[in-house]
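For reference, the structure discussed in these notes is given below.
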Amino acid sequence: MPGQNLDASLRRGEALLHEDLITPLHHHNEAQNRLLATVDGSTRVVTPEQANELVATLRPNTGIDDPAAEHTPTGPRLARRGFFRGSLIGLGGLLAASAAPRYSFAAGTGGDLLVCIFLRGGFDGLAALGVPDDSNYNNLRGATRVTSSTGFALNSTYLLNNNFAPLKSIWDDNQLAIVLGSGHPDVQRSHFEDQDLCERAAKANVRSGWIGRHIASSSSESGTFRAITIGDRVVLSLTTTAYQSLAMSSVDSFALNGSWKEGDNAKRLVSDLGAIYGDAGGVLATQAKATLGALDELATVRGTTYAPANGAAYPDSTWGSGLKDIARLAKADLGMEVACIDYGGWDMHQNLGTPGNTNGQFSRLASDFAKGLKAFRTDLGPIWNSVTVVTMSEFGRRVQVNGDGGTDHGHGNLMFLMGGSINGGHIYGSMPTLSADNLTTGDVPITTDYRQALSEIVSKRLGNDKLDQVFPGFTPGKALGVA
Amino acid sequence: MTAPASPRPDADQRPLPSRRTALGLAAAGGLAVSSLGQAARASAAPPVRPMSPVLPETVSGLADGLDLQSSKAWHLARRVCPAPTAAIAKEITTRGYTAWIDRQLNWKKISDTKADALVKKHLSFATMTGIAVYKASRKQAWIAAKAMSTSRTIRQVFTKRYLYESMVDTMADHLYVSADGKASEFVAWFDWAVLRKYALSTYSSMLYAAIRHPAMLIYLDNQLSTRTAINENLGRELLELHTVGVGNYTEDDVLNSARLLTGHGVDWNKRTYAYTPGNHYVGAVRIMDFEDPNTDLSKGPALLKAYLSYLAHHEATARHIARRLAVRYVSDTPSDDFVASLAKVYLDNDTSLAAVMRALLLSEEFAASVGAKWRRPQETMATMIKLRRPSTIKAPKNQQLKSVWDITGTVQWLLYRENHQPRMWPVVNGYPDQAPAWMATQALLGHWYSANARVNWGNDKQWPSDYSSWASALGVKKGQVITEVAKKLTSTITGYTWTDEHLAIVVQRLSDGGTGSTLSSGQVKDNLGPALHFIFASPYFMLR
């Protein structure tokens, strides 16, 4: 039987709790995932629907009983892999199979600048979001919970931590959307592995990043500045052999470094390298020319001191400067289509702080984060209408605060989506009442695959309908409607 | 200065444009932006932006325009040494080409006390077993991974076992386990118990040790694989990456490979390999031409041994390993015939890696491949460090427990920027080894940045030297003839005899601000740095 197009999240389907009937075959190439069912003494490959039907017929009550999971700060250590009870909720959209309808979105005209923010360390969605009417939330989150006095209402159910208040105007203008219970269903609460997974957004034998694949599949344009990482090196999300991305820790530092003898913009070094590499011929000469050309182009941008527009006030932080540089590059008309930037420090196992205390760890980062984005929007002015900002994080954090006033690695999280053309002012996805029954070993379940939201963005805001190339092995479900 | 001294075979007969205009740069020096579309932007026409070439997957003839003059000894040194120097080239000449190769293959006979002592002193976790490091690190065994990564740079600089250490890193990319990630507690142990133990031994013995090591069993999830919940990761990668390679097996082979591997996992109490019969799949398995009824759970280990031996001796594995070594040591595009000849050596010598390397290094294809490889950052870094002549590593006691990256100073961060920290590639297939991956714009900029750092930032205190400056380390002194200094520096650092044109750039840099033919003390002080930076950034330094 040819490889079924099964999302690896089917591992969490009910049928898979019956190991004597159904054997999941994990392939690290998701497209090769298969289910084997032993029926009437013979083994054959079945679809998830067939598997579920078979189990429902033979075993009407699931009687799920997860083996005791020893919990550690980095997540539960499980005796068996992957069978989480709570994740059964809302799985309909995740149990994708070749038989399920494949939703496609009419590609938009595209052309938005994508700003992808990776919140490194495991962003604590429940420290941002308040659920005042859920007693579980209030009890488990304790002093870190967001209340109506420490948060502003997003709707009748949810609050946003007041330290994110600079985002309020964006929310009120319907340009900020939040997706609840989002993430990659395969994350294992491990920073390195899960960041890798979220950035590649494909199985292990796919070595490229999702944004790299977007860049490669959306056009064969090879402009030097199509995709830029603000940071010391290109993020994994942008990896692809089909296009060379650039990284710069700042616009001002994107220059050749050398002794003072090299002159302004190291022009003597540029000239001498141009000469010697020019003689090398072939690919090497072309490469060097492109490299020196990139430096030259940026030197021109750097030649004008940058003044944010419209009174935009960026916070005086690496984050603020990074966003300001993205705005600067966007306005410099370099053909930039994607800007990636990281914001780290969210791995707060201790001393999260309380929302009312602006000096708390989480409060400080939240405030910086929000101020930066508010300034970014202001600075961009009308360009904002063709900018889409997305956040992602490798996993969320546990609902219950730990003994050190912090939280440990969790699962489902929230994503922020922002932009002039985002269908904002709404909460998307879902999060159940945070009772023990509804949680996956104490964590918010993932009810929306983060690729769902990204697919809609890639298709409608970036105008790229080759979603099977951008997210191989992922079948989009019904549109959330974020874009 | 418009045409090179010697005619190039396929040069056309028109006078060549000057180098500067060839690259769109103004003949008068400085940057000309006209070719980069600035003028176009000033008008209403759409801007002409600089383009990034799409790099082909492999490149042959990296620098066809350069006339590379080098010696046989230097060519050998550049290819097999982590940090080749003129001293090593001289050693090769003195001992004799083949004799030197044989000595390097016989690595145990070469004493490497200095490198060993430094690793033992500062990075002892890199020398321990899993359980030992777990205890010694107070349950922070992941530090051992970083210790091992750090130890690679130290060994690359101080070792006398050049070929051996190079092979360790080559095989590390083949049987790859990332230092960052789920197997981080065990990768240091894997390094010495598998890679370092068998680097020039037989591949079959290395493979057997690797597949049964906790690091590999964890990294590729086999420790989670049981007969009722089979995880195919190792089963697949064993075929795809480690042995026969893509196209030589079917999906059924992968399934059976995974079934055969079930039960081989980790004892977390002892932190060592353990076979759990209860997890082992029972039933006939067939992978390519290997089959076994597999009815007896207790025979799981023997079955694994037989299977791995079959794979190690498979002709497709022979070609795969031969190609890996040919790409590392000969060229990005080795000929099929050459690979086949090395594969035959592999099989004729019971999978001996030493035998293959000997045949490779003595081959005509090797001799004809001068300048065919592009250096990777660890190699340029180790060489730049070594040329500054550090005498030792200086770090506070127990630094590996406090701040392991600091043990090599700024080096770690520079390697991080260049995406080549030892064993830190984030994907299962190990670091790429062909030029396009390492000469992208970001990579060129990264190397040029590192070159500036090594030359102009001042010496890392972690790498103290008996020589107080680059000048003294390189033997450059006031009163020396500038043109001679330029020749000496370029040839001893890169091993190539530069053309007059290119030497002239170095001469210009050394002379800057002066008029005499010999170096003044001011010129030594101010100009050696820029000259050196340029030499390190030049294609001659990058063409391995």
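Pairing each residue of the range B:221-243 that is facing chain A (nearest Cβ under 7 Å) with any residue that is in a loop (DSSP other than H, G, I, E, B) and acidic (Asp, Glu), provided the two are 6+ apart or on different chains, yields C-beta distances under 6 Å for B:Thr228/A:Glu19; B:Asn231/B:Asp221; B:Asn233/B:Asp221. Can you report the number of residues in the range B:408-425 which are within 23 Å of B:Leu195 (Cα to Cα) and in contact (Cβ under 8 Å) with a residue 60 or more places away in the chain? Total satisfying the criteria: 8. Output yes when any residue across the range B:447-459 is touching a residue at least 24 places away in the same chain (Cβ under 8 Å), more than 11 Å from every other protein chain (Cβ to nearest Cβ) and closer than 29 Å to B:Ala141 by Cα, and no when none is. No, the range B:447-459 contains no residue that is touching a residue at least 24 places away in the same chain (Cβ under 8 Å), more than 11 Å from every other protein chain (Cβ to nearest Cβ) and closer than 29 Å to B:Ala141 by Cα. For the range B:73-128, a tally of residues being closer than 23 Å to B:Leu353 by Cβ, among the β-branched types (Val, Ile, Thr) and free of Cβ contacts under 8 Å to residues at least 24 places away in the same chain returns 1. If you go through the range A:260-267 one residue at a time, do you hit one that is at pLDDT below 95, of a type in the set (S, T, N, Q) and either over 26 Å from the mean Cα position of the chain (by Cα) or closer than 23 Å to B:Arg454 by Cα (or both)? The answer is yes; a qualifying residue exists. Only one entry in B:Ser469, B:Ser511 is surrounded by fewer than 18 Cβ atoms within 10 Å (Cβ to Cβ) and of a type in the set (Gly, Ala, Ser), namely B:Ser469. Considering the range A:189-231, the residues that are facing chain B (nearest Cβ under 9 Å) and among the basic types (Lys, Arg) include one that is nearest to A:Ala247 (Cα to Cα), namely A:Arg226.
Of all residues in the range B:456-499, those being part of a helix (DSSP H, G or I) and either basic (Lys, Arg) or more than 20 Å from B:Ser538 (Cα to Cα) (or both) number 4. Among the criteria (1) within 14 Å of another protein chain (Cβ to nearest Cβ); (2) surrounded by fewer than 21 Cβ atoms within 10 Å (Cβ to Cβ), the one B:Lys344 does not fulfil is (1). Selection of first residues in the range A:333-358 that are within 14 Å of chain B (Cβ to nearest Cβ) and of second residues that are surrounded by fewer than 22 Cβ atoms within 10 Å (Cβ to Cβ) and acidic (Asp, Glu), restricted to Cβ pairs under 8 Å at least 6 apart or on distinct chains, gives the following pairs, ordered by first then second residue: A:Gly335/A:Glu221.
Confirm whether B:Ser149 is outside any loop (DSSP other than H, G, I, E, B), in contact (Cβ under 8 Å) with a residue 12 or more places away in the chain, of a type in the set (Ser, Thr, Tyr) and crowded, with 23+ Cβ neighbours inside 10 Å. Yes: the conditions hold for B:Ser149.
Among the residues making up the range B:157-175, a single one is in a loop (DSSP other than H, G, I, E, B) and within 17 Å of B:Thr202 (Cα to Cα): B:Leu175.
For B:Glu165, only one of the following conditions fails: (1) within 14 Å of another protein chain (Cβ to nearest Cβ); (2) buried (at least 21 other Cβ atoms within 10 Å of the Cβ). What is its number? Every condition holds for B:Glu165 apart from (1). When the range A:218-233 is filtered for residues that are over 19 Å from the mean Cα position of the chain (by Cα) and at pLDDT 85 or above, the ones remaining, listed by number, are A:Ser218, A:Ser219, A:Gly223, A:Thr224, A:Phe225, A:Arg226, A:Asp232.
Inspection of the range B:280-303 identifies at least one residue that is of a type in the set (Asp, Glu) and touching a Lys or Arg at 6+ places or on another chain (Cβ under 9 Å). With the condition kept exactly as written, say whether any residue in the range B:422-438 is facing chain A (nearest Cβ under 10 Å) and more than 28 Å from B:Ala215 (Cβ to Cβ). The answer is yes, given that some residue of the range B:422-438 is facing chain A (nearest Cβ under 10 Å) and more than 28 Å from B:Ala215 (Cβ to Cβ). Contact annotation: residue pairs with Cβ atoms under 6 Å, 6 or more positions apart or on different chains, pairing a residue in the range A:448-469 that is under 13 Å from A:Trp210 (Cα atoms) with a partner that is part of a helix (DSSP H, G or I) and of a type outside the set (A, V, I, L, M), are A:Val458/A:His214; A:Asn464/A:His214; A:Asn464/A:Ser218; A:Lys466/A:Ser217; A:Leu467/A:Ser455; A:Gln469/A:Arg213; A:Gln469/A:Ser217.
Being over 22 Å from the mean Cα position of the chain (by Cα) and within 7 Å of chain B (Cβ to nearest Cβ) is the requirement here; does A:Leu236 meet it? No. With respect to the conditions (1) surrounded by 22 or more Cβ atoms within 10 Å (Cβ to Cβ); (2) more than 7 Å from chain B (Cβ to nearest Cβ); (3) not aliphatic (A, V, I, L, M), A:Ser271 falls short on a single one, namely (2).
When residues of the range B:286-321 are filtered for being within 27 Å of the chain's Cα centre (by Cα) and either of a type in the set (A, V, I, L, M) or outside any helix (DSSP H, G or I) (or both), how many remain? Total satisfying the criteria: 8. All told, A:Val301 meets the bar of being assigned to a helix (DSSP H, G or I), in contact with a Lys or Arg (Cβ under 8 Å, 6 or more places away or on another chain) and without any contact (Cβ under 8 Å) to a residue 60 or more places away in the chain.
Residue count for the range A:252-268 satisfying the condition of being facing chain B (nearest Cβ under 8 Å) and aliphatic (A, V, I, L, M): 1. Can you spot a residue in the range A:130-137 that is surrounded by fewer than 17 Cβ atoms within 10 Å (Cβ to Cβ) and either touching a strand residue (DSSP E or B) at 6+ places or on another chain (Cβ under 6 Å) or within 26 Å of A:Ser190 (Cα to Cα) (or both)? No, the range A:130-137 has no match at all. Picking from residues in the range A:319-332 that are within 14 Å of another protein chain (Cβ to nearest Cβ) and over 21 Å from A:Gly212 (Cα atoms), the one that is surrounded by the fewest Cβ atoms within 10 Å (Cβ to Cβ) is A:Lys331.
For the range B:185-224, the candidate set comprises residues that are crowded, with 24+ Cβ neighbours inside 10 Å and hydroxyl-bearing (Ser, Thr, Tyr); within that set, the residue that is farthest from B:Ile131 (Cα to Cα) is B:Tyr203.
The values are calculated or read from the model by the stated rules, or taken from the named source; none is laboratory data. Quantities reported herein were computed from a predicted structural model and do not represent experimental measurements. Cβ coordinates were reconstructed from backbone atoms using ideal geometry, including for glycine residues, and neighbour counts include every protein chain displayed.
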